[in-house]
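Note sheet for the following structure.
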Amino acid sequence: MSVLSQSENLVREIDDLNNQAWSLNSENPLKAIELANLALSRSENISYGFGIAVAKKTLGACCIWTFENEEGVQYCLESAQLFKSLKDKLNEASVYYYSGTNLFYLKEYEQALVHYKISYDLNLKINNELGMADVLIGKGTVYYTIDQNDKALSLLLESEKICKKIKNKNSLVKAHEGLGETYYNLKKYDKAILYFGSCVAFCKELAAHNTEASAFDGLGRTYSALQRYEDAIDNYECSLKLKKDLGLKFGEAATLNNIGKLYIRKNDTKKAIEVYVQAYQLSEKIRSRKNVYRSTEKLAELYELEGNTTEAFKYYKIFHHAVEEERNLKNKKLTKNFEQQHKVLQSQTEKAIIEERGKEQENFSDQLTLMSKIGQQIISSFDVETIVKTVYESVNGLMDATGFGIGIYHKTDHVIMFPLFIEGEERFENLFYEIKDINRLAAVCFNNTQEIILNDVRAEIGKYIKQSQAPKAGKEVESLIYLPLIYKENVLGVITVQSFNTNSYSNYHLNILKNLATYIAIALENAKLYHEQELKVVELEKTFENARLVSEIGK
């Protein structure tokens, strides 16, 4: 056999491996990873660029199902660059869709939308309607996750229309699952049942068991919300069976937690405890911290209701430890995410944006490293005043922040309270703004979850408020930024930087502050959670001690 024939045979074998791996990427990701790694190794041995690109694309897609999303983004970025060099727009577009989905699972929603847009634009150029439909589903998923359900609905209905036009049921089931979730969020339960049910029917036909399991879970949640508990249980059981058969342990634990919640609604404490114990044991086995603290928090509350202080205290301790572990994990992930953002910004598609920013971006990598260090300092604080001072000292080194404050929403009083507002050498304590005051930028930012950047306040403030008012404290400023502080789709408050000079802030400064805002929101939520748990632990310790004393007196 000639050298050429041997080479052709190797390429054919690699292509076969890649095709097998790709066909299994969602239904059997572990087997797909094994085959893709084999294809990757063989491709690298003979410098077969297309084989390398396809193998990395498969690995990036598989990471979605194995929850190794940081690695998934990296595989996708490397694959995208290879497909770009090969002028393969179809595969390049597909890879950006999968990198967007990995970023979504990392809760990097803004970056996910950037990648989805790149994918959509590439698909549009080559008139790939299927690719466009999938991207619309991805974008819709981001929007219903962050509770922008009207946007999600528009995108998902558009995708459904395309899927019907091109008669592609594989993408149609995903669109219907997304529509089910969106209508569930909108409390339009009849439509949610309609779309989840349609999704299940198509999934059975297509043997798309992953999506079918999710749709059954969605039906369970919807029927539970309608207090149709028997129907809810039936659907949850179907979801559980599929997840067990597929080995989706994380999903199984999540569904068990949903079933536990249903029994709480039914006031069946005994059954709720039984299910939550199962959820906890499984979550502990698979090291799912999120599901551990979801189940143990409820177990502690349920045992407390039953007067079993020993078990309540036991589960509160486990819950508290799980929260601490999750916090530490988030800290590590944040550092990785900043590094990943830098890699994303260095990708070919984003370089043009960096160049437009000119000299401001020359030290962007250094700034990301610095922000990561600052973030760790912020998150390690459990005192709000310390958080404000830490951020103020840090921000002043990155931009003109003569005026600075972090406002926290107080739900009971319907106000945004600035425990400490700094303006140069002056300090103002406990400034507050009512959220119904539509002529205050703090309220506008909070109510609309809106980023505000003004570089000539007097000329530009009319875009946001009807009647300008004098500041409650300090002097009039010329430039300012207001950003909402968001944690898990909840707006916790606002952050503002202010300057006495015009044209003080660019999008570069806005992005720095947005990155820091992520840390601040986590730090505020951590501080709140920490103090709440400290109070609960102290209270339980007192209850436990009282019970012990009563027991001793009884003896």
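The values are calculated or read from the model by the stated rules, or taken from the named source; none is laboratory data. None of the values given here were measured: they were computed from a predicted structure. Heads up, the Cβs are rebuilt from the backbone with ideal geometry, glycines too, and the neighbour counts pull from every protein chain shown. Surface accessibility is based on the protein's heavy atoms, side chains included, excluding ligands, DNA and RNA. Shrake-Rupley method; radii C 1.70, N 1.55, O 1.52, S 1.80 Å.
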Peptide ranges 22-28, 492-498, 418-424, 129-135 listed from the most packed, as the mean C-beta count within 10 angstrom indicates | 492-498, 129-135, 418-424, 22-28
Can you tell me what the convex hull of the Cα atoms of the range 425-479 projects to on average, as an area in nm²?
-> 4.2 nm²
Selected from 63, 105, 40, residue furthest toward positive end of dipole (the range 38-113; charges at beta carbon) | 40
Simple Cβ-charge dipole of the range 1-98, Lys/Arg +1 and Asp/Glu -1, about Cα centre, in debye nearest 20 | 240 debye
In the range 112-269 the accessible area split gives carbon plus sulfur, as whole percent at 1.4 Å, a share of 50 percent
Using a 1.4 angstrom probe and counting only protein chains, how large is the accessible area of residue 296 in Å², to 10?
-> 0 Å²
Might you work out the accessible area of residue 118 for me, using a 1.4 Å probe with all protein chains in place, and round it to the nearest 10 Å²?
-> 20 Å²
